[in-house]
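J.: Sending over a structure as structure tokens; questions will come in a sec.
The values are calculated or read from the model by the stated rules, or taken from the named source; none is laboratory data. All values reported here derive from a predicted model rather than from experimental measurement. Cβ placement follows ideal geometry from the backbone for every residue including glycine, while neighbour counts extend to all protein chains displayed.
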Amino acid sequence: MSQNNQTSTTDDVANNSEHREENFESYYKKIISMQDHLERIQIVTQKLEAKYADYEETKNFVQFLRTVEEVFAHAEKEKWSVERTEDEMIKSEMYILSKMSGVGEEVFQAIYDEFTYTSHDVEKIQVIAKQLLDQYPSEESPDRECREFIMYIRDALLVFAHTLHGEKAFDEITEAKTQIIHLRMESMAADNKPPLNMLEDIYKEFLDELHHAA
């Protein structure tokens, strides 16, 4: 092998090694940044849960904010598709609601399955949601939790249908996240228990704490 070829090969190996190191460093920083953000979300959640421990509805709202913030953090960092973001968000809510209410996840999964073929069709989403709400007319458990979950799925899918219609990638997520949270606040405050301004204050405090957490 000529001296020039040896030099070229050595340079290629060195460049590849440097490239791998740069990629690893970038990946490592990304992972550490995500872990730090998730830890901050958990700290803020625990703080606000303790502060609003006397109110079951507001504690549930804090948990809702946590799950939304975690899912959308992953979606933004990892460039999830619209479909995956929707799925992860709804399944997270399914898990939390089941844990808090004692209603089996299979009940919520069956409800979620009913929305499978809506394909962001606004009319289909609304029709299915109405049909399902009619099946759970009581305000007692477990109908109450099922109604809550149905309305959550409906609102989330409608937001994605309106704001991300025709999009292939999930690049702009802030608007969708904000709309979903505001729709949830309006739904929870429909009977003024808790009042909307209380939920708005909690949401503002959650954001303030999250962005100023150490």
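J.: I'm trying to understand the selection: among the residues of the range 23-43, which are among the β-branched types (Val, Ile, Thr) and either modelled with pLDDT under 90 or out of contact with any helix residue (DSSP H, G or I) (no Cβ under 6 Å at 6 or more places or on another chain) (or both)?
T.: The answer is Ile31, Ile32, Ile43.
J.: Taking the residues in the range 36-79 that are over 17 Å from Ser92 (Cβ atoms) and of a type in the set (Lys, Arg) as candidates, determine which candidate is farthest from the chain's Cα centre (by Cα).
T.: This residue is Lys51.
J.: To continue, here is another question. Looking at the range 160-196, which of its residues are at pLDDT below 90, among the aliphatic types (A, V, I, L, M) and outside any loop (DSSP other than H, G, I, E, B)?
T.: Matches in the range 160-196: Ala161, Ala176, Met188.
J.: Exactly one condition in (1) touching a Phe, Trp or Tyr at 6+ places or on another chain (Cβ under 9 Å); (2) assigned to a loop (DSSP other than H, G, I, E, B); (3) without any contact (Cβ under 8 Å) to a residue 60 or more places away in the chain is false for Trp80; which is it?
T.: So the condition that Trp80 fails would be (3).
J.: Considering only the range 45-84, state which residues are within 20 Å of Tyr203 (Cβ to Cβ) and hydroxyl-bearing (Ser, Thr, Tyr).
T.: Passing the criteria: Thr45, Tyr52, Tyr55, Thr58, Thr67.
J.: Assigned to a helix (DSSP H, G or I), surrounded by fewer than 21 Cβ atoms within 10 Å (Cβ to Cβ), of a type outside the set (Gly, Ala, Ser) and touching a helix residue (DSSP H, G or I) at 6+ places or on another chain (Cβ under 6 Å), is that true of Glu93? Spell out how you get there, then give the answer.
T.: On the way: assigned to a helix (DSSP H, G or I): yes; surrounded by fewer than 21 Cβ atoms within 10 Å (Cβ to Cβ): no; of a type outside the set (Gly, Ala, Ser): yes; touching a helix residue (DSSP H, G or I) at 6+ places or on another chain (Cβ under 6 Å): yes.
Spelling it out, it is not the case that Glu93 is assigned to a helix (DSSP H, G or I), surrounded by fewer than 21 Cβ atoms within 10 Å (Cβ to Cβ), of a type outside the set (Gly, Ala, Ser) and touching a helix residue (DSSP H, G or I) at 6+ places or on another chain (Cβ under 6 Å).
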